[in-house]
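The values are calculated or read from the model by the stated rules, or taken from the named source; none is laboratory data. Since we're looking at a predicted model, the values are computed, not measured. Backbone-built Cβ (ideal geometry, glycine too); neighbour counts: all protein chains shown. Areas reflect the complete protein model, heavy atoms only, side chains present, ligands, DNA and RNA absent. Shrake-Rupley method; radii C 1.70, N 1.55, O 1.52, S 1.80 Å.
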Amino acid sequence: MPTGRSPAQRASLTGPQRAQAHRLSFGAVQRRRTLDWLIDAKVRNPAALEAPIRDILRLVTYEMLWSDSVPVPVSVDQAVRLAAQIPGAARRIGARRGVVNAVARAVAVDGAARLAGLCDDTWERAAVRHSMPDWIARALVTALGHDLAVGAMTAANAPSESVLRWNALRGGIDDLAAQLPPAAVRCAPPFEDA
């Protein structure tokens, strides 16, 4: 029966914790192909990974390589604890924890270097680097040429710009700008209404 509260509210997450959870979950989905490439290199049989374990590994890998807000040992520890919460027999819990611990630590050792060394000189490598399905990468290269296609793939993973439109009927623009962090304010001249 629905409680009317979001999962974040039920977990009593603070604003910054919700923001971090959002960044991790969105990032793990956005970078799924690249994350799987990093993870699969550290696993003997990637197809044998249980789906919840793969998801945990995606989250911890994203957190270690794309987020600098949490130290690596803390990220690994949180992932291991999360793996222990997956229901199952006691012996499976230990095995899951061991897999998450070993793979996360192995990715932590050379994941950043592997990412830095991943070039996008072919559409196949560009697809992995920019976490694009093969068919999209191939279609972009065919339609735009290699350089423009790589630019499009790069732009697809860039954060979007946030825009705030000032309403003159609700107060002065200086009052609005004063409420925003200084680095966030870039005022453009107002447009005349058509």
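Name every residue in region 14-38 that is charged (D, E, K, R) and at pLDDT below 90, in order of residue number. If you could, list the steps in order and put the result at the bottom.
Residues of region 14-38 charged (D, E, K, R): 18, 23, 31-33, 36.
Within region 14-38, Arg18, Arg23 qualify.
Give the residue, chosen from Leu65, Leu24, that is under 20 Å from Ala156 (Cα atoms) and in contact with a Phe, Trp or Tyr (Cβ under 8 Å, 6 or more places away or on another chain). Quick ask: steps written out before the conclusion?
On the way: Leu65 fails: in contact with a Phe, Trp or Tyr (Cβ under 8 Å, 6 or more places away or on another chain).
Checking each option against the conditions leaves just Leu24.
Looking at region 144-159, which of its residues are within 22 Å of Phe26 (Cα to Cα), of a type in the set (Gly, Ala, Ser) and part of a loop (DSSP other than H, G, I, E, B)? Give the derivation first.
Just the residues of region 144-159 that are within 22 Å of Phe26 (Cα to Cα), to begin with: 150-159.
Narrowing the set further to residues that are of a type in the set (Gly, Ala, Ser) leaves 151-152, 155-156, 158.
Ala158 - this is the single residue of region 144-159 that is within 22 Å of Phe26 (Cα to Cα), of a type in the set (Gly, Ala, Ser) and part of a loop (DSSP other than H, G, I, E, B).
Looking at region 149-169, which of its residues are open to solvent by 100 Å² or more (accessible area, probe 1.4 Å) and in contact with a helix residue (DSSP H, G or I) (Cβ under 8 Å, 6 or more places away or on another chain)?
Ser162, Leu164
Restricting the first residue to region 120-132 and requiring it to be farther than 14 Å from Leu38 by Cα, which pairs with a second residue that is small (Gly, Ala, Ser) meet a Cβ separation below 8 Å and a spacing of at least six or different chains?
Hits for this filter: Asp120/Ala126; Trp123/Ala137; Trp123/Ala149; Glu124/Ala137; Ala126/Ala137; Ala126/Ala149; Met132/Ala126; Met132/Ala156.
Given Ala51, Ala95, which one is over 20 Å from the mean Cα position of the chain (by Cα) and either of a type in the set (A, V, I, L, M) or open to solvent by less than 30 Å² (accessible area, probe 1.4 Å) (or both)? Reasoning before the result, please.
Working: Ala51 fails: over 20 Å from the mean Cα position of the chain (by Cα).
Step by step, each of Ala51, Ala95 is checked, and only Ala95 is over 20 Å from the mean Cα position of the chain (by Cα) and either of a type in the set (A, V, I, L, M) or open to solvent by less than 30 Å² (accessible area, probe 1.4 Å) (or both).
Quick check on region 12-27. Is at least one of its residues surrounded by 16 or more Cβ atoms within 10 Å (Cβ to Cβ), of a type in the set (A, V, I, L, M, F, W, C), more than 14 Å from the chain's Cα centre (by Cα) and not in a loop (DSSP other than H, G, I, E, B)?
No: zero hits.
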